[in-house]
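Colleague: Quick one: structure below, then a few questions.
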Amino acid sequence: MPDSLVPIRFAVLALFALAALAALASWLVRARYISPFSGLGRTIRTATDWIVKPVERRLVRMGGNPVNAGWWLVIIVAVAGVIALSFLGWLQGFMAEVRWSAAGGTRPLLATLVRVAYSVLVFALIVRVIGSWVGFFRYTRWMRPFYFLTDWLVEPIHRFVPPLGPFDISPIVALIVLWVLKAILLAGLGF
């Protein structure tokens, strides 16, 4: 990992540790291992409710057990931390590539543009697939941009490649098509 991301990595690790500690304390009170009416229980609830309550409300709306809200908080912090670190690493590499391509002329700049477009489309396809697994589809407000970016490729493929039972393989075919298209364009540019 690049040196500039080390402080951010430690910050994410610290947030994860705090979330785990808050989840453990909240769970001990909610599962009644510590009496919620004791001084310690009230202190723990006061310290953890501001962060655990929103997760608990969402969990109850989805039919889950509110006792597990703290552990869902830990999972959310871990996933968000991994996503943030991955994005920052990608952004750092992207900035280095842009500096390199700007110094090299038009062809490296076009190659960088092809790679960036490929990365954005692959990311949009992955978000589209994972969103469909958890019940977020085309008309969910925050999913619309991902469908907008990928419909031009997935929908024509979907017409020719039928689903295999419950599995829609058109996004996988779209990934292969994007990869081949990227390879052809980069080979045409001499990279």
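The values are calculated or read from the model by the stated rules, or taken from the named source; none is laboratory data. The shown structure was predicted, so the numbers you read here are calculated from the model rather than taken from an experiment. Here the Cβ positions follow ideal geometry from the backbone for every residue, glycine too, while neighbour counts run over all protein chains shown. Accessible surface is based on the protein model in full, side chains and every heavy atom, while ligands, DNA and RNA are left aside. Shrake-Rupley method; radii C 1.70, N 1.55, O 1.52, S 1.80 Å.
Colleague: Against the condition touching a Ser or Thr at 6+ places or on another chain (Cβ under 8 Å) and in a helix (DSSP H, G or I), how does Arg128 come out, does it pass?
Modeller: yes
Colleague: Can you work out which of the residues in the stretch 113-135 that are surrounded by 13 or more Cβ atoms within 10 Å (Cβ to Cβ) and β-branched (Val, Ile, Thr) is farthest from Leu91 (Cα to Cα)?
Modeller: If we take residues in the stretch 113-135 being surrounded by 13 or more Cβ atoms within 10 Å (Cβ to Cβ) and β-branched (Val, Ile, Thr), then Val129 is farthest from Leu91 (Cα to Cα).
Colleague: Looking at the stretch 146-174 only, could you name the residues that are within 16 Å of Ile126 (Cβ to Cβ), part of a helix (DSSP H, G or I) and open to solvent by 60 Å² or more (accessible area, probe 1.4 Å)?
Modeller: Scanning the stretch 146-174 gives Phe148, Leu149, Ile172.
Colleague: Being of a type in the set (Val, Ile, Thr) and at pLDDT below 90 is the filter here, so list the residues in the stretch 100-120 that pass it.
Modeller: Matches in the stretch 100-120: Thr106, Thr112, Val116.
Colleague: Among the residues of the stretch 26-71, count how many are of a type in the set (A, V, I, L, M) and touching a Gly at 6+ places or on another chain (Cβ under 8 Å).
Modeller: 4
Colleague: Now for a separate question. Scan the stretch 181-191 and give yes if some residue there is surrounded by fewer than 15 Cβ atoms within 10 Å (Cβ to Cβ), in contact with a helix residue (DSSP H, G or I) (Cβ under 9 Å, 6 or more places away or on another chain) and at positive phi, otherwise no.
Modeller: Yes, because at least one residue in the stretch 181-191 is surrounded by fewer than 15 Cβ atoms within 10 Å (Cβ to Cβ), in contact with a helix residue (DSSP H, G or I) (Cβ under 9 Å, 6 or more places away or on another chain) and at positive phi.
Colleague: With respect to the numbered conditions (1) at pLDDT below 90; (2) assigned to a helix (DSSP H, G or I); (3) open to solvent by less than 80 Å² (accessible area, probe 1.4 Å); (4) farther than 28 Å from Asp3 by Cβ, which one is the sole condition not fulfilled by Arg138?
Modeller: (2)
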